[in-house]
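These notes are about the structure you will find just below.
The values are calculated or read from the model by the stated rules, or taken from the named source; none is laboratory data. Keep in mind it's a predicted model, so treat the numbers as computed, not measured. Positions of Cβ are backbone-derived with ideal geometry, glycine not excepted, and every protein chain shown enters the neighbour counts.
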Amino acid sequence: MVDVTGHLAMAMLFAAPAWILWGRRGALGFTGFALATAMLPDSDLVLRHVLPVTHHGVTHTVVFVTLVSLITGFATSKWLTEWFNGHRWIRSTQIEMSTVFVFATSGLLVGGTSHLFADILSAPDIAPPLKPFWPFYSKPIIVDVIYYDSLLWNVGLIVVAIALHLVLARYQSYPLETRYRIGTREQRDDQQYGIGRD
């Protein structure tokens with residue numbers, strides 16, 4: 001496992017394609033969701049004081065990350081869709097619950113999965129190797145190319161992640177037109193070209 005900086009950087013790297021799907025505001029929100037779960041698998045460090053879990057155990061599986069992402073995505077779509085539609089910064093009154101569900105769930109899933117990926121690259125330096133596909137595949141997966149305390153990896157990853165997001169923010173030849181886009185076409189054109197309608 002990399003340290004917290006490395007995990008946040010990996011979540012940002014995994015979230016970078018959001019610029020292509022949702023544009024500036026959507027990408028920032030999506031990255032926020034990814035960062036919210038970047039440390040989710042390490043919840044076992046707290047849970048082990050009250051539950052019989054071990055570090056790099058059940059919370060470091062795709063099943064766990066997916067379940068938490070789906071549940072939280074559903075709750076977000078149920079309780080925050082109206083708020084998103086009314087929020088001035090988002091500039092839309094057209095976001096559907098299904099869009100919020102896909103947006104939130106995907107962001108959370110990306111963050112949690114990025115954590116698993118980073119741990120696979122660095123375990124078992126100071127922790128047991130991961131079995132990310134448990135219970136379907138019970139053998140550990142080890143790549144082990146990063147050392148936990150490596151300043152080069154941890155700081156290097158965050159610098160690369162920030163630089164990538166800045167480069168993507170600079171160009172506005174996207175987002176792509178998909179059914180999960182946010183807002184009406186007119187609102188999206190206004191956002192792209194910096195036009196404000198009052």
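Sub-8 Å Cβ pairs linking a first residue in region 147-160 that is polar (S, T, N, Q) to a second residue that is surrounded by 14 or more Cβ atoms within 10 Å (Cβ to Cβ), at least 6 apart or interchain, are Ser150/Val2; Asn154/Val2; Asn154/Asp3; Asn154/Thr5; Asn154/Gly6; Asn154/Ala9, ordered by first then second residue. All of Trp83, Trp89 fail the test of being modelled with pLDDT under 90, within 30 Å of Arg25 (Cβ to Cβ), among the aromatic types (Phe, Trp, Tyr) and not in a helix (DSSP H, G or I), apart from Trp89. For region 54-80, a residue qualifies if it is surrounded by 15 or more Cβ atoms within 10 Å (Cβ to Cβ), more than 20 Å from Arg25 (Cβ to Cβ) and small (Gly, Ala, Ser), and the qualifying residues are Gly57, Ser69.
Conditions (1) crowded, with 22+ Cβ neighbours inside 10 Å; (2) at pLDDT 90 or above; (3) on the phi > 0 side of the Ramachandran plot, marked per residue:
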residue: Thr93; (1), (2), (3): no, no, no
residue: Met97; (1), (2), (3): no, no, no
residue: Phe101; (1), (2), (3): no, yes, no
residue: Ser106; (1), (2), (3): no, yes, no
residue: Gly111; (1), (2), (3): yes, yes, no
residue: Leu121; (1), (2), (3): no, no, no
residue: Ile126; (1), (2), (3): no, no, no
residue: Leu130; (1), (2), (3): yes, no, no
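Is one or more of the residues making up region 22-36 modelled with pLDDT of 95 or more, within 11 Å of Gly112 (Cα to Cα) and either within 13 Å of the chain's Cα centre (by Cα) or among the hydroxyl-bearing types (Ser, Thr, Tyr) (or both)? Yes, region 22-36 has at least one match. Applying the selection to region 107-166, what residues are in contact with a helix residue (DSSP H, G or I) (Cβ under 9 Å, 6 or more places away or on another chain), part of a loop (DSSP other than H, G, I, E, B) and of a type in the set (Ser, Thr, Tyr)? Within region 107-166, Tyr147, Tyr148, Ser150 qualify.
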